[in-house]
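**Q** One structure, pasted below without further comment.
Rule-based calculations on the coordinates, nothing more; no lab input. If you're wondering where the values come from, they're calculated on a predicted model, not measured in any experiment. Cβ sites come from the backbone with ideal geometry, for glycine too, and all protein chains shown count toward neighbours.
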Amino acid sequence: MSTPTTPAPDQAAQQKLKEQELSRRRFFALVGWGGFLASVGGSAFGAFRFMFPEVLYEPPTIFKIGKPTDYGMGVTDTLKKERQIWVVRNEKGLYVLVAICRHLGCTPNWFQDQARFRCPCHGSIYDIYGNVRGGPAPRTLWRAAIHLDPVDGQVVVNFIQRQDPDPQSTLEGLTVPEEGREVPPFFVNV
Ligand code: FES
């Protein structure tokens, strides 16, 4: 009696196995290389971004606004948008008011016909000196420090250094006497 023998895999089956093995290796090689290249690419991109950090460019806080003769009597409103200031000239000289409402920080508007700054947000009203003439503002407008550049004679504004004296409560509103205001570096006699 003879025992049945297992038939040896034929050539086609062996070929198929080889191909399967090859494609499996190819797949793992692809995955490996893909991961490697992705990590190298990521590191290179990170290094590249490191050389160009995201910088927030703030406007300068000390800047020149031209010669004193560029400013006539009263309020010059032209620098409000660009510099957030008003330049004011009276009989004695110049001062600079910061165009930020002392209530919640909105930007007031200057009304030449009323000689008043009015804040559109909650109705604060200031006079040409920055005194409060109405509305909820608890303090008078800031004045920024100014001086004349000794070389070119231009007015230099320091937007950060601000005059903020205690106002007195008067019948007209919150007021700071001008004698206490027209002092360097918040006023120039020109
Ligand atoms: S922010 Fe100006 S009145 Fe409120």
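**Q** By per-residue mean of other Cβ atoms within 10 Å, what is the highest-first order of 111-118, 96-103, 74-81, 11-18?
**A** Ranking the peptides 111-118, 96-103, 74-81, 11-18 by packing returns 96-103, 74-81, 111-118, 11-18.
**Q** How much length is gained on full extension from residue 64 to residue 22, taking 0.36 nm per residue of separation minus their Cα-Cα distance? Let's see the in-between values first.
**A** Details: separation 42, 0.36 × 42 = 15.12 nm, distance 7.39 nm.
The residue 64-residue 22 span can extend by a further 7.7 nm.
**Q** Springs between alpha-carbon atoms under 10 Å, Gaussian network over the chain: tell me which of 42, 130, 93 tops the mean-square fluctuations.
**A** 42
**Q** Using Cα pairs under 8 angstrom and six or more residues apart, how large is the relative contact order of the chain, in percent? Present the calculation step by step, with values, prior to reporting the outcome.
**A** Working: 286 pairs, mean separation 31.7, N = 190.
Taking the mean separation of contacting Cα pairs over the length of the chain, I get 17 percent.
**Q** Using 1/(1 + (r/R0)^6) with R0 = 22 angstrom and r between the beta carbons of residue 91 and residue 112, what's the FRET efficiency to the nearest 0.05? Walk me through the numbers before you get to the answer.
**A** Details: r = 18 Å, r/R0 = 0.82.
So the FRET efficiency works out to roughly 0.75.
**Q** What are the ³J(HN,Hα) couplings of the range 107-113, residue after residue, when phi is run through the Karplus curve with 6.51, -1.76, 1.60 and θ = phi - 60°? Round to Hz, x for glycine and proline.
**A** Values per residue, Gly and Pro as x: 9, x, 10, 8, 10, 4, 5 Hz.
**Q** Moving on. Label points 7 Å out from Cα along the Cβ direction at residue 57 and residue 13: separation in nm?
**A** Distance between label points: 7.4 nm.
**Q** Same structure again: Nearest 10 degrees is fine. How inclined is helix 11-51 to the longest principal axis of the chain, computing both from alpha carbons?
**A** 20
**Q** Give me the three principal axis extents of the range 1-153 from the C-alpha atoms, as integers in angstrom, largest value leading.
**A** Here the Cα extents, ordered largest to smallest, are 132, 43, 22 Å.
**Q** Along the range 68-76, what does the Karplus equation 6.51 cos²θ - 1.76 cosθ + 1.60 (θ = phi - 60°) give for ³J(HN,Hα), rounded to whole Hz, x for Gly and Pro?
**A** Couplings: x, 5, 6, 10, x, 4, x, 9, 9 Hz.
**Q** Determine the dipole magnitude for the range 51-190: charges of +1 sit on the beta-carbon of Lys and Arg, -1 on that of Asp and Glu, nothing else is charged, the reference point is the Cα centre, and the result goes in debye to the nearest 20.
**A** Details: 15 positive and 16 negative charges, 45 e Å.
With Lys and Arg at +1 and Asp and Glu at -1, about 220 debye.
**Q** List the GluC sites (Glu not before Pro) within the range 11-107 that DSSP assigns to loop and that have no more than 11 neighbouring Cβ atoms inside 10 Å. Working shown, then result.
**A** Details: sites: 19, 21, 54, 82, 91; in loops: 54, 91.
Those that pass, being in a loop and sparsely packed, are 54, 91.
**Q** Hey, if you put +1 on the Cβ of every Lys and Arg and -1 on every Asp and Glu Cβ in the chain, which of 144, 63, 184 ends up farthest toward the positive end of that dipole?
**A** Highest projection toward the positive end goes to 63.
**Q** Then there's this: Counting only pairs 8 or more residues apart or on different chains, how many lysine pairs in the chain have their Cα atoms under 22 Å apart?
**A** Close lysine pairs found across the chain: 6.
**Q** Please list the non-local residues whose amide H lies under 5 Å from the amide H of residue 116, H modeled 1.01 Å from N, same-chain partners needing a gap of 5 or more.
**A** Answer set, sorted by chain and number: 111.
**Q** Follow-up. Taking the chain as a Gaussian network, where each spring joins two C-alpha atoms under 10 Å apart, which residue of 157, 88, 40 fluctuates the most?
**A** Comparing 157, 88, 40 in a Gaussian network model of the chain, the most mobile one is 40.
**Q** I've got another one for you. Residue by residue, what Karplus-based ³J(HN,Hα) values in Hz, rounded to whole numbers, does the range 158-174 have, using 6.51, -1.76 and 1.60 with θ = phi - 60° and x for Gly and Pro?
**A** 9, 5, 8, 7, 10, 8, 8, x, 5, x, 9, 7, 10, 4, 7, x, 7
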